[in-house]
Every structure is written in structure tokens, then in C-alpha cells.
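Worksheet: one structure, shown below.
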Amino acid sequence: MRKWLVFTCTLALFVFIGGCGTSGKSNEDLSEELDKYDVVHSKAEMQDGDFIYRLVSEQEEYADGQSVTLYAELEYIGEQSEVTIEHAASPFYFPMEEKIRGFEIPYPMPEPLVMTTLKKGEALRVSYTGSGAYSEDDEKAYVEFMKDFIKNGFPTGYYTVDGFADFWVQKNDHKNEPDRYHIEAQVDFKVK
């Protein structure tokens, strides 16, 4: 009898642990959670010296399965007619979090040294084209979420994007260290 009780308790524990996590929520449960969140900013603009960084989600709310349109812009507004910036593969990063599940969506970036010339008053725009990464050591619910995210795009959820532009500008004398810029902004949106 004691062995049966230990077996039953152990089995119940595995079932309980396996059932934990928000990825197992139904679409109805996710929709109820989603109603608790309000979109604060679908557009953000920050200025640092001679540069303006913009982060934009074209909509506050997207339908499940609809393509999410997210982009960043960098505009030079200084005194020169143009300026050359140095950056990784792109000056823009789009790390984000799906808040209902508490899952972070990383934005890995190749880091060659790239130079881009910005003309005064003309914004450089780069659209978000996807991201994400996981390891088999990650929590099972996170791995399942990321596999779905990478394959199908944004599932139902409330997303915050902690975007930033990260770049350097050489000084005119080229003798001193370049000026580094790290300009951050946040936007949010829902997928229902």
C-alpha cells in the first residue's frame, strides 16, 4: 500500500509540474490576461546631441497571425551636411519581452564594423525582420514559445520593445576616442 501511495504522489507531482507555466494557457485565458494591459506608447522619439532616434510600432494592436510592423530610425540634425557613424551589422537593436508569459525575446547581432553615412535631415530606417534564440537547456515552455515565435511570428500577447541605437562617431582629429551613442526608447503593442 505504501509503495502505491508513493507512486501516486510522485505521478501527481510530475503531472502538476508538467502543467505549470503560462504557455499552456488557452487562447481564452491569454485574451483575459491581455485585457489587463494597456498600450502606453506605440511611437517613441529620443534625442541625444545631434541625433534623433525613433522607435515605432505602426499599430497598437495586431490580429493574431497579422504581420507586426516595427521599425527604428536614426536622423542626424547637426551642423554638418553629413556624418559617418560606425556600428555593428545594424545600429538598431530590438530586444523585447512578452509580458503575460514573462518571456524575453533576445535580439542577437553580428558585430562586424560597418560604416554608414547619414545625410542631415534624412532618417535611416530599418524594419524589424525577426529575432529570437533559445537553447535546449531553457525551460520547455520558453523553447516551445520561441520555436513558434521564430516559425510563425508573434503569438497572442502583450509585447514591450526596449529598442536602442548603438553607434560611434569619429572625432574630426581622429586622434581621440570616438564618441559613443547609446539611445534607448520603448514601445509596446498587443497581438490578439
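The values are calculated or read from the model by the stated rules, or taken from the named source; none is laboratory data. Bear in mind that the values here come from a model prediction, so they are computed numbers and not experimental data. Please note: Cβ atoms are built from the backbone with ideal geometry, for glycine as well, and neighbour counts cover all protein chains shown. To get the accessible areas, we keep the full protein, side chains included, count just its heavy atoms, and leave off ligands, DNA and RNA. Shrake-Rupley method; radii C 1.70, N 1.55, O 1.52, S 1.80 Å.
The set of residues in region 101-123 that are modelled with pLDDT under 95 and among the acidic types (Asp, Glu) contains only GLU111.
When region 32-74 is filtered for residues that are farther than 23 Å from PHE167 by Cβ, loosely packed, with under 13 Cβ neighbours inside 10 Å and touching a residue at least 24 places away in the same chain (Cβ under 8 Å), the ones remaining, listed by number, are VAL40, ALA63, GLY65, SER67. In summary, ALA133 fulfils each of the numbered conditions (1) assigned to a loop (DSSP other than H, G, I, E, B); (2) open to solvent by 80 Å² or more (accessible area, probe 1.4 Å) with the single exception of condition (2).
A single entry from ILE77, ILE85 fulfils the requirement of being aliphatic (A, V, I, L, M) and open to solvent by 20 Å² or more (accessible area, probe 1.4 Å): ILE77. Residue count for region 88-116 under the criterion of being under 20 Å from LYS171 (Cβ atoms) and exposed (fewer than 11 other Cβ atoms within 10 Å of the Cβ): the result is 1.
Across region 136-146, the number of residues qualifying as of a type outside the set (A, V, I, L, M, F, W, C), assigned to a helix (DSSP H, G or I) and open to solvent by less than 100 Å² (accessible area, probe 1.4 Å) comes to 2. Residues of region 98-123 that are under 25 Å from LEU34 (Cβ atoms), touching a residue at least 40 places away in the same chain (Cβ under 8 Å) and in contact with a strand residue (DSSP E or B) (Cβ under 6 Å, 6 or more places away or on another chain): GLU98, LYS99, ILE100, ILE105. Only a single item in (1) modelled with pLDDT of 90 or more; (2) outside any loop (DSSP other than H, G, I, E, B) is not met by LEU30, and it is number (1). Among the residues of region 141-151, which ones are touching a residue at least 12 places away in the same chain (Cβ under 8 Å) and of a type outside the set (A, V, I, L, M)? The answer is TYR142, GLU144, PHE145, LYS147, PHE149. Within region 156-180, residues that are under 30 Å from VAL40 (Cα atoms) and charged (D, E, K, R) have Cβ atoms under 9 Å from residues that are assigned to a loop (DSSP other than H, G, I, E, B) and at pLDDT 95 or above in these pairs: ASP162/PHE94; ASP162/PRO95; ASP166/ALA88; ASP166/PRO91, counting only partners at least 6 apart in sequence or on another chain. Of all residue pairs spaced 6 or more apart or on separate chains, those with beta-carbon atoms under 7 Å, a first member in region 124-140 that is farther than 17 Å from MET96 by Cα and at pLDDT 95 or above and a second member that is hydrophobic (A, V, I, L, M, F, W, C) and surrounded by 13 or more Cβ atoms within 10 Å (Cβ to Cβ) are LEU124/LEU74; LEU124/LEU118.
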